[in-house]
Amino acid sequence: MIVQPRLIRRPTVLITARLWRVNWFYVLLLCALASVGYVALYSAGGAPELYANRHIIRFAVALVMMLAIGMVDLRLIERLAWPLYGFSVGLLVLVLRIGHVGKGAQRWIMIGGQEMQPSELMKIALVLALAHWFHKASHERIGNPLFVLPPVLMILLPVGLILKEPNLGTAVITALLGGAVMLASGVRLWKFALVMIGAGIAAPLAYSHLHDYQRARITTFLNPESDPLGAGYNIIQSRIALGSGGMWGQGWLQGSQGHLNFLPEKQTDFIFAMIGEEFGFVGAAALMALLMLIVLGGVWIALRSRNQFGRLVALGISFNFFMYAVVNIAMVMGAIPVGGVPLPLVSHGGSAMLTVMFGFGILMSVHVHRDSTAESD
Amino acid sequence: MKPRRGSFATPGRDQEARRATGFRRRALLIGAAQIGAMGYLASRLYRLQITEGGRYATMAESNRVSGRLLAPPRGRIIDRAGVVLAGNRLNWRALLIPEETPDIAAALDAFAQLVPLPDHERARVEREMHKHRRFIPLMLREFLSWEEMARIEVNAPDLPGIVVDLGTTREYPFGPKFAHMVGYVAPPNEADVAADPLLSLPGMRVGRAGIEFSQEASLHGSAGSVQLEVNAVGRVIREISRTEGQRGADVALTIDAELQQNVLDVLGDESASAVVLDARNGEVLALTTTPSFDPSLFNSGVSGAQWKEWTSNRAAPLINKATSGLYPPGSTFKMAVALAALEARTLTVNDHINCPGYLDLGDTRFHCWSKNGHGMLNLRGGLKNSCDVFFYEVARRTGIDKIAAMSHRLGLGVPLDIELPGVRGGLIPTREWRMARGHAWNIGDTIVTGIGQGYIQVSPLQLATYVARLSTGRIIQPHLVRAVDGRMRAGADAADWPVLDIPERDLRAVREGMWAVVNEQGGTAPIARLANPVVQLAGKTGSSQVRRVSREQREHGFKSENLPWEFRPHALFVCFAPYDQPRYSVAVVVEHGNAGAAAAAPLGRDIMQAALRLDPAARAGQKLALGDPRAAVPTGGAR
């Protein structure tokens, strides 16, 4: 085998050099998204003090953290994939034991004075662990069902724990995320078809094991007007808010649904409805475009990476972000059942922002170390 | 193969290239799916915001804006001079706003020290508190006095969340004096509210009797509305727009409040009824019934004990005797019999009939009130002496159907079109009426009807109408409403009424008889003569039996005043004055008053004297004093 001599850029040691390699355009997109959050939270609070200022300060801190993680050598991150996976599963077990209940489910845990949902961290850990697994796999080995079985179990373990919290929405998102990473790694498409069929058979079974509030969510979703003041209220008011926005919106700080508190949780899960009300279809569609730029920017970083781990990690993290955005928007529009998923970097709330920016830090590390190859040194 | 170094040790470069290609395909697939998913959401968003946007905008608006009705103040009822008979009084109410009260029990204790708050009221407040949102005010006490209101205001710092608010309530300044005519209002029932949602507003009342009932449409007014911006829990953020309602129209009656009170003074404690009409146009100047009731009791709700007292009272205070009380007219009916006979030519003005004290018909003997008889009498003498035999004979000659037809033309035994509910028509019996009940008409029935006894029943209002018609020769209709909202109703002018189709000669003969009753030596009611010789009164007494007097009673020196009250005859008197130019007609009925001449005639005289002295009809030309409509009461707002 003839190996072409090749100029291999050594993993850059100097911080300044690494900073140079940071995708600053991507950072700009994230800053733009956080600014949208500032404007929307300003309106949600009626003044900047309530939500908007805290949001932007938190973003600044998270941005520094993201850049710091971006400087970390990708190989180190790969080595930490398994420990992080184990740590996250441990937290999920812990949250079932000592986590405190919020809105009918055990999801939250206090870590260093900061409340967080371990399931958020779990998704990033899962991406890293799966990427780590498939990084080592040859094209042929991926065709071997026995090789594919462990990653399926790696997905099912956290999904099962999250279901037990119970948090149906996050469990489904986690499963889809794992599936996306496996798809990207080259697992045969017919195997996915098999899983889909299996899921289709399992769904009615699963429904019978759902909690009452989860079933209520599904029935309400199917017919929101059936319970206009109960569970359906959120969806109806959110649709009214979006619909009354029209093409150009009612203007910043002018949305009646939001400002008269008809819109529930307008500063967190339903902030997209408020944006749609105040800035209309034009504003909401522009926000969707910005979100897609960030998602596709992640895919682009994945394509530019020269190692499989980086590719899978970048794709997984951008897919994770995509899931947040798409589930939140669909939920606000009443297209899928309400599921407590925030709009990343726009919704008020520290825990989600930190985990999302933690993910973007890893994504940035993939970009900074994009030219590391298997043969790098 | 190169030794694996670093953690990115993987299969060879060839492998790596194949993986990169495979990844690129899958990544583009995923990217495309992501674009597709987001695009699908964008298309749904487009449908939601643009295609269906209008519908949702409307829903957002109806979320935001809450319309509330504003109660219009009820129109007043005033007399012909503008005296308020039914008005609106300011009603100070103490309200508690729970969310502004940190310690509700303490606030209620403090309140109870200033204004009495019974335990059951307190229990009601505590009950309601849990039914409503915390910013909705609860009524603590209504009808606060000025002192109580002031006490609460002064102690406001100790009463957090307790506010004083101004509403209105119906007020009847004369209490029972106009109760039967003016009527009363009561809180609306469910059927009322279903018909008119405005009535669901606190403090709204509907007319249940009298003018309050019959003129409801005018008095009611139309609702105003206010558009409020409310938030999700219904708290009012601001007022967007306000349309003031139309206050209810003032209804001016034909009544003269002063005359009414004079008449009531004359009637005193009797169970009686008196009606004063302007004989020329049918305006009801006084419409009295004793005893009466306090109409304001219905406003807040009548207690069981009070209701029992009213319904068990044999003098029936709740019945408007003037329009719904029915009595045999007795001798006051004789003018109608005479006019029927004159028209039928069964009697002429100069015909004489002998009265031996009785009339025998077959084996039945009909007695005259005078045991020894009146001898030969013409019409004038028959009326003057109220000779029964004379009218037995006249009735026999004329026949019941002609008498009934004449009575109806004069306003007797027919429902009169007056603006009051529950007006009764009474009865003039006819052959047909008797046949309908399965009996043949008996000539004896005609004979007793000739003196206003038997089946015949009329109301005091009909008697006053009858006298007004025969005294002025016009078919006036008694009416109570003179003007609504300052606009005069037709009927105030004598020319508004058609002329009675009876020759003036006949009417004059009857009037002369009535004049003789009072003003000629030997008449039955000289007691009714007026003190002022210039103005003369013409009248007719009547005593109507409640029970038949048997032969034994008659032979044993029967005296009706020895009977129990409820079996004594009713005493009646009808009159008009001045004789030469009739202006007023009066009818008085004293229930079980025994004899018309003794019990009713003096009352009729005093009432006529009051009418002539006050002369309300002379004020008919005056412009109505309606008062300033704005002066009444502020609109009961949305609070």
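Okay, residues lined up against (1) facing another protein chain (nearest Cβ under 10 Å); (2) closer than 28 Å to A:Gly178 by Cβ; (3) small (Gly, Ala, Ser):
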| position | (1), (2), (3) |
| --- | --- |
| A:Arg239 | yes, no, no |
| A:Phe262 | yes, no, no |
| A:Gln267 | no, no, no |
| A:Phe281 | yes, no, no |
| A:Arg306 | yes, yes, no |
| A:Phe319 | yes, yes, no |
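Of all helices (runs of 4 or more DSSP H) completely enclosed by the stretch B:303-380, which ones contain at least 3 residues that are under 27 Å from B:Arg397 (Cα atoms) and either in contact (Cβ under 8 Å) with a residue 12 or more places away in the chain or in contact with a helix residue (DSSP H, G or I) (Cβ under 9 Å, 6 or more places away or on another chain) (or both)?
Numbers: elements: B:304-312, B:321-324, B:334-344.
Here the list reads B:334-344.
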Looking at A:Ile362 and the list (1) more than 9 Å from every other protein chain (Cβ to nearest Cβ); (2) at pLDDT below 90, which single condition is not satisfied? (2)
The stretch A:134-185: helices (runs of 4 or more DSSP H) wholly inside it with 1 or more residues that are away from chain B (no Cβ under 14 Å) and farther than 30 Å from B:Arg18 by Cβ are A:145-164, A:168-184
So the helices (runs of 4 or more DSSP H) completely within the stretch B:139-258 holding 2 or more residues that are at pLDDT below 80 are B:190-195
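Restricting to the stretch A:245-260, and then to whatever is in a loop (DSSP other than H, G, I, E, B), surrounded by fewer than 24 Cβ atoms within 10 Å (Cβ to Cβ) and touching a residue at least 40 places away in the same chain (Cβ under 8 Å), can you tell me which residue is nearest to the other protein chains (Cβ to nearest Cβ)?
Applying the first criterion (in a loop (DSSP other than H, G, I, E, B)) to the stretch A:245-260 yields A:246-255, A:260.
Still in the list and also surrounded by fewer than 24 Cβ atoms within 10 Å (Cβ to Cβ): A:246-254, A:260.
Filter again for touching a residue at least 40 places away in the same chain (Cβ under 8 Å), leaving A:252-253.
On the way: A:Trp252: 16, A:Leu253: 14 Å.
Looking at the filtered set, the residue picked out is A:Leu253.
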When every residue in the stretch A:12-58 that is modelled with pLDDT under 85 and crowded, with 17+ Cβ neighbours inside 10 Å is compared, the one farthest from the chain's Cα centre (by Cα) is A:Thr12
Taking the stretch B:152-170 on its own, how many of its residues are surrounded by fewer than 16 Cβ atoms within 10 Å (Cβ to Cβ) and either touching a helix residue (DSSP H, G or I) at 6+ places or on another chain (Cβ under 8 Å) or without any contact (Cβ under 8 Å) to a residue 60 or more places away in the chain (or both)? 6
Kindly evaluate B:Ile476 against the criterion of being in contact with a Leu (Cβ under 9 Å, 6 or more places away or on another chain) and surrounded by 20 or more Cβ atoms within 10 Å (Cβ to Cβ). yes
Give the residue, chosen from A:Gly349, A:Gly334, A:Gly340, that is modelled with pLDDT under 95, touching an Asp or Glu at 6+ places or on another chain (Cβ under 7 Å) and at positive phi. A:Gly340
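What number of residues within the stretch A:226-244 satisfy the criterion of being surrounded by fewer than 20 Cβ atoms within 10 Å (Cβ to Cβ), at pLDDT 75 or above and among the small types (Gly, Ala, Ser)? Break it down into steps so the answer makes sense when it comes.
Of the residues in the stretch A:226-244, the ones surrounded by fewer than 20 Cβ atoms within 10 Å (Cβ to Cβ) are A:226-231, A:233.
Now restrict to residues that are at pLDDT 75 or above: A:233.
Filter again for among the small types (Gly, Ala, Ser), leaving none.
Of the residues in the stretch A:226-244, 0 are surrounded by fewer than 20 Cβ atoms within 10 Å (Cβ to Cβ), at pLDDT 75 or above and among the small types (Gly, Ala, Ser).
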When residues of the stretch B:208-230 are limited to those that are closer than 17 Å to B:Pro197 by Cα and hydroxyl-bearing (Ser, Thr, Tyr), the one nearest to the other protein chains (Cβ to nearest Cβ): B:Ser225
If you check every pair at least six apart or on different chains, which have Cβ atoms under 9 Å apart with a residue in the stretch B:422-447 that is free of Cβ contacts under 8 Å to residues at least 60 places away in the same chain and at positive phi first and a residue that is in a loop (DSSP other than H, G, I, E, B) and of a type in the set (A, V, I, L, M) second? none
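Quick one: is B:Ala110 loosely packed, with under 14 Cβ neighbours inside 10 Å, more than 14 Å from chain A (Cβ to nearest Cβ), in a helix (DSSP H, G or I) and in contact with a helix residue (DSSP H, G or I) (Cβ under 9 Å, 6 or more places away or on another chain)? Step through it out loud before you land on a result.
On the way: loosely packed, with under 14 Cβ neighbours inside 10 Å: no; more than 14 Å from chain A (Cβ to nearest Cβ): yes; in a helix (DSSP H, G or I): yes; in contact with a helix residue (DSSP H, G or I) (Cβ under 9 Å, 6 or more places away or on another chain): yes.
Criteria not met by B:Ala110.
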Taking the stretch A:263-286, which residues are out of contact with any Phe, Trp or Tyr (no Cβ under 7 Å at 6 or more places or on another chain), under 19 Å from B:Ser43 (Cβ atoms) and surrounded by fewer than 24 Cβ atoms within 10 Å (Cβ to Cβ)? A:Gly283, A:Ala285, A:Ala286
Where A:Ala62 falls short, out of the listed (1) of a type outside the set (S, T, N, Q); (2) buried (at least 17 other Cβ atoms within 10 Å of the Cβ); (3) modelled with pLDDT under 85: (3)
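Listed here are the residues, each with its yes/no results for (1) within 14 Å of chain A (Cβ to nearest Cβ); (2) in contact with a Pro (Cβ under 6 Å, 6 or more places away or on another chain); (3) not hydrophobic (A, V, I, L, M, F, W, C).
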position	(1), (2), (3)
B:Ala232	yes, no, no
B:Val263	no, no, no
B:Asp269	no, no, yes
B:Leu297	no, no, no
If you scan the stretch A:295-304, which residues turn out to be more than 8 Å from chain B (Cβ to nearest Cβ) and buried (at least 22 other Cβ atoms within 10 Å of the Cβ)? A:Gly298, A:Ile301
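Conditions tested, residue by residue: (1) modelled with pLDDT under 85; (2) in a loop (DSSP other than H, G, I, E, B); (3) more than 7 Å from every other protein chain (Cβ to nearest Cβ).
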position	(1), (2), (3)
B:Pro11	yes, yes, no
B:Ala20	no, no, yes
B:Ile30	no, no, no
B:Ala33	no, no, yes
B:Met59	yes, no, no
B:Ser66	yes, no, yes
B:Gly75	no, yes, yes
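The values are calculated or read from the model by the stated rules, or taken from the named source; none is laboratory data. This one's a predicted model, so the numbers in the text were calculated from it and none came from an experiment. Note that we place each Cβ from the backbone using ideal geometry, even for glycine, and neighbour counts take in every protein chain shown.
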